[in-house]
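Below you'll find the structure, written out as structure tokens, and then a few comments.
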Amino acid sequence: MIKIKNLHASIEGTEILRGINLEVKAGEIHAIMGPNGSGKSTLASVLAGRDEYEVTEGSVDFLGNDLLDMEPEDRSRAGLFLAFQYPVEIPGVSNINFLKTAINEAREKRGEEPMAAKDFLKRVKDKSKLVELDGRLANRSVNEGFSGGEKKRNEIFQMAMLDPKLSVLDETDSGLDIDALRVVANGVNQLKTKDNASIVITHYQRLLDYIVPDFVHVLYQGRIVKTGPKELALELEEKGYDWIIKDLEEVSA
Amino acid sequence: MEVMNETVKMSTKDTFLSNFNLLDFSFDEDFSKDIRSAAKNTIEGLEFPTSKVEYWKYTRINKIIKRDYSISAPENKVEIDLSVPSKNCIVLINGFYSEELSFFESEVGVTFSSLSEAKKNSSVLKEKFNSLVKKDEIFAQINSAYHQDGAFMHVEKNVQAEEPYYILNFVDDSNILSNPRNFVFLEQGANVKVVLKTINTANAGSFTNMVSELFIEKNAHFEINKIQNEADDSFQIATEQVVQADDSTFKINTFTLNGAIVRNNLNIDSLGKNTMTYLNGLYPLKGKQHVDNHTYLLHREPNGESHELYKGILGDSSTGVFNGKVFVHREAQKTNAFQSNANIVMTDSATINSKPELEIYADDVKCSHGSTTGQLDEEALFYLRARGLSKDSARAVLVNAFASDVIEQIGVESVKEEIEQYIDDNYQGIK
Ligand SMILES: Nc1ncnc2c1ncn2[C@@H]1O[C@H](COP(=O)(O)OP(=O)(O)OP(=O)(O)O)[C@@H](O)[C@H]1O
Ligand SMILES: [Mg+2]
């Protein structure tokens with residue numbers, strides 16, 4: 001699905017990603033953990049195509065396309081979805097209307113007819129139910145005045161509407177209460193098929209009780225410094241990151 | 001033999017005025033002829049404003065006045081789109097009334113006709129015509145002296161008009177100079193909506209100098225939607241003089257869609273108690289367009305409320321000017337006056353000059369004013385693109401959102417749709 005090779009990226013001259021290697025196959029769930037500031041959101045942003053970041057080295061292959069060469073909208077249309085760590089509020093833009101535009105533009109690109117209004121509305125209804133998003137929120141301006149948790153739910157709602165191949169969830173669990181966490185995780189699990197995949201960025205093993213990852217990676221100072229099975233998350237929860245960092249220092253010493 | 005070649009250098013003003021030499025107003029009513037001659041006299045003592053004049057500081061009019069114009073009705077049959085959702089529509093072409101294209105379905109208590117027709121019959125017109133026009137404004141005076149025709153509306157006491165009334169002002173040839181003149185009188189308790197549209201179907205060089213006088217009597221409610229769609233290379237100066245009596249509502253929505261130089265002079269004297277006034281404007285600009293909105297609102301009596309909202313989207317190397325003045329008289333206690341001008345500047349070469357002004361002489365009032373200028377929100381743009389909207393669509397969505405609170409003010413559904421469509425089409429719209 002996605003092959004990230006030796007990815008280096010910097011912002012304003014500071015190198016943040018320093019050689020990321022990661023492959024995610026269809027049907028897999030990968031968790032990325034790591035201390036604050038290690039570059040997790042940067043990785044997500046670079047994949048989504050935010051142009052403040054300069055990719056200085058490396059390549060990303062997404063379903064046979066050179067991802068780094070694509071516009072953000074083309075990445076989305078090709079099936080990449082990023083749930084933002086901090087979703088933006090966009091006053092005056094209706095959640096529903098912009099999703100309709102997004103879906104229909106993608107269909108037009110593929111040479112398909114726009115989605116019938118009836119089908120679209122049904123989809124809105126089904127998917128907002130899936131993430132238990134209040135119907136009124138779906139109709140409001142994008143994230144305007146939403147609580148932190150509502151914003152995160154809205155991200156998953158949009159993910160469900162767009163039906164991506166690869167979703168990158170950037171700390172979608174932070175700020176969620178236990179019930180919301182379950183709801184969001186449920187949504188992700190129900191949308192999971194053998195043909196799609198997810199990268200779940202999180203600080204808490206708790207989320208991984210609900211969304212069970214195939215692999216857990218530790219990102220530290222712009223590199224993946226450890227990869228393990230889901231049990232690694234438990235170990236990190238217990239011991240923190242120090243032991244990994246110490247190991248690293250010993251190796252490099 | 002030697003030929004003496006003596007050229008008399010005429011002033012810009014005289015050259016401009018010579019455009020009118022061929023006009024014949026002998027058919028006009030006496031009272032109107034008197035107004036024309038008085039205006040001509042007034043013009044003699046006036047000059048065209050330069051940018052040294054504060055009121056015209058940011059709008060240079062040289063391009064407008066140093067051009068050769070013709071004043072003529074179109075020779076060929078005009079092909080124009082008259083599909084308006086109304087049974088009443090006055091059509092002017094190049095400033096002349098078109099009997100052929102105008103259409104009416106009489107509604108009890110509403111007189112809607114050409115101005116020249118009304119000059120023959122209307123006592124209200126005879127009494128009030130030209131009374132609001134300012135003596136020191138040369139363009140308004142030129143209109144008083146040389147207007148061809150226009151629309152007249154008189155709505156009688158307590159009449160609630162059912163449909164919006166349309167005034168379509170077509171310019172159908174190049175280099176046309178026209179002086180449309182409108183007059184609106186709403187009696188006590190009357191209620192009507194008007195759509196006033198200038199549409200330039202030719203390509204170049206015309207100048208529309210329009211003046212409208214509007215009288216809104218006690219407890220009457222009036223809404224006017226003014227759509228200015230001049231050609232790329234054409235000019236418009238539009239002046240509205242409004243008086244509002246007790247308990248009345250006046251709303252104007254000005255949409256400036258095209259034109260090389262467009263200047264709006266909107267002057268409202270809210271002379272009554274407990275009045276409601278809404279001034280809204282939207283100017284989505286492209287190319288080298290220059291649009292200047294000057295508004296003046298006087299709260300003369302207590303308990304008035306006014307809301308002013310002008311929004312600009314400035315693309316390419318366009319320039320915008322907003323100068324809004326709200327004056328609260330000493331007597332006008334309990335006035336609520338809110339004024340706001342917001343602009344999105346899309347490029348480095350577009351500029352806006354914004355000057356909202358409040359002058360308050362009463363102590364018990366609630367007033368605010370503000371002006372903001374910024375770019376499109378990059379974070380929002382990226383968010384929308386990351387969800388699959390093309391850059392153009394994302395931009396259109398954000399522009400639409402920005403413009404939405406002005407568009408929501410439109411009380412005529414078809415106008416609302418038209419403006420939304422315009423934004424979509426011009427900022428690569430939503431399908
Ligand atoms: N515009 C910028 N200029 C300089 N440094 C930046 C800029 N933006 C981000 N950074 C730095 O890049 C590093 C990585 O940030 P990033 O947001 O990717 O971390 P993260 O792993 O997502 O952290 P968190 O767990 O707190 O969300 C941080 O040290 C941050 O300060
Ligand atoms: Mg982060």
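Please state which one of B:ASN336, B:ASN303, B:ASN253, B:ASN258 is assigned by TED's automatic domain parsing to the domain that holds B:ILE199 and open to solvent by 10 Å² or more (accessible area, probe 1.4 Å).
From the options B:ASN336, B:ASN303, B:ASN253, B:ASN258, the qualifying one is B:ASN258.
Which ones in segment A:13-72 are farther than 30 Å from B:LYS391 by Cβ, within 16 Å of ligand 2 (Cβ to nearest atom) and open to solvent by 50 Å² or more (accessible area, probe 1.4 Å)?
A:ASN36, A:GLY37
Quick one: how many residues across segment A:139-155 are more than 16 Å from ligand 2 (Cβ to nearest atom), in contact with a Phe, Trp or Tyr (Cβ under 9 Å, 6 or more places away or on another chain) and outside any loop (DSSP other than H, G, I, E, B)?
3
Kindly list the number of the only condition in (1) within 14 Å of chain A (Cβ to nearest Cβ); (2) without any contact (Cβ under 8 Å) to a residue 24 or more places away in the chain; (3) open to solvent by less than 60 Å² (accessible area, probe 1.4 Å) that fails for B:LYS416.
Condition not satisfied by B:LYS416: (1).
Residue by residue, here is whether (1) in contact with a helix residue (DSSP H, G or I) (Cβ under 7 Å, 6 or more places away or on another chain); (2) more than 16 Å from ligand 2 (Cβ to nearest atom) holds:
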| residue | (1), (2) |
| --- | --- |
| A:LYS194 | no, yes |
| A:ILE201 | yes, no |
| A:TYR210 | yes, yes |
| A:VAL216 | yes, yes |
| A:TYR220 | yes, no |
| A:LYS226 | yes, yes |
| A:PRO229 | no, yes |
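Every residue, every condition in (1) within 14 Å of chain B (Cβ to nearest Cβ); (2) in a helix (DSSP H, G or I); (3) of a type outside the set (D, E, K, R); (4) touching a Lys or Arg at 6+ places or on another chain (Cβ under 6 Å), yes or no:
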{"site": "A:PRO87", "(1), (2), (3), (4)": "yes, no, yes, yes"}
{"site": "A:GLY92", "(1), (2), (3), (4)": "yes, no, yes, no"}
{"site": "A:PHE98", "(1), (2), (3), (4)": "yes, yes, yes, no"}
{"site": "A:THR101", "(1), (2), (3), (4)": "yes, yes, yes, no"}
{"site": "A:ALA106", "(1), (2), (3), (4)": "yes, yes, yes, yes"}
{"site": "A:GLU112", "(1), (2), (3), (4)": "yes, no, no, no"}
{"site": "A:ARG123", "(1), (2), (3), (4)": "no, yes, no, no"}
{"site": "A:LEU133", "(1), (2), (3), (4)": "no, no, yes, yes"}
{"site": "A:LEU137", "(1), (2), (3), (4)": "no, yes, yes, no"}
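Name the residues in segment A:17-41 that are within 13 Å of ligand 1 (Cβ to nearest atom) and more than 14 Å from chain B (Cβ to nearest Cβ), would you?
A:LEU17, A:ARG18, A:ILE20, A:ILE32, A:MET33, A:GLY34, A:PRO35, A:ASN36, A:GLY37, A:SER38, A:GLY39, A:LYS40
Looking at (1) closer than 30 Å to B:VAL328 by Cα; (2) touching a strand residue (DSSP E or B) at 6+ places or on another chain (Cβ under 7 Å), which is the one condition that is false for B:ASP363?
Against the list (1) closer than 30 Å to B:VAL328 by Cα; (2) touching a strand residue (DSSP E or B) at 6+ places or on another chain (Cβ under 7 Å), B:ASP363 comes up short only on (2).
The conditions are (1) of a type in the set (D, E, K, R); (2) under 26 Å from the mean Cα position of the chain (by Cα); (3) at pLDDT below 90, and B:GLU75 fails exactly one of them. Which is it?
Here B:GLU75 meets the rest and fails (2).
Consider A:ASP51 against the criteria (1) within 14 Å of another protein chain (Cβ to nearest Cβ); (2) farther than 15 Å from A:LEU80 by Cα; (3) near ligand 1 (Cβ under 9 Å from one of its atoms): it satisfies all of them except one. Which criterion is unmet?
(3)
I'd like the full set of residues that are closer than 22 Å to A:LYS125 by Cα and either part of a loop (DSSP other than H, G, I, E, B) or more than 10 Å from chain B (Cβ to nearest Cβ) (or both), limited to segment A:156-171.
In the first step, residues of segment A:156-171 are kept if they are closer than 22 Å to A:LYS125 by Cα; the result is A:156-165, A:167.
Selection gives A:ILE156, A:PHE157, A:ALA160, A:ASP163, A:PRO164, A:LYS165, A:SER167.
The values are calculated or read from the model by the stated rules, or taken from the named source; none is laboratory data. In this text the structure is predicted, and so the values were computed from the model without any measurement. Backbone-built Cβ (ideal geometry, glycine too); neighbour counts: all protein chains shown. With ligands, DNA and RNA removed, areas are computed over all heavy atoms of the protein, side chains included. Shrake-Rupley method; radii C 1.70, N 1.55, O 1.52, S 1.80 Å.
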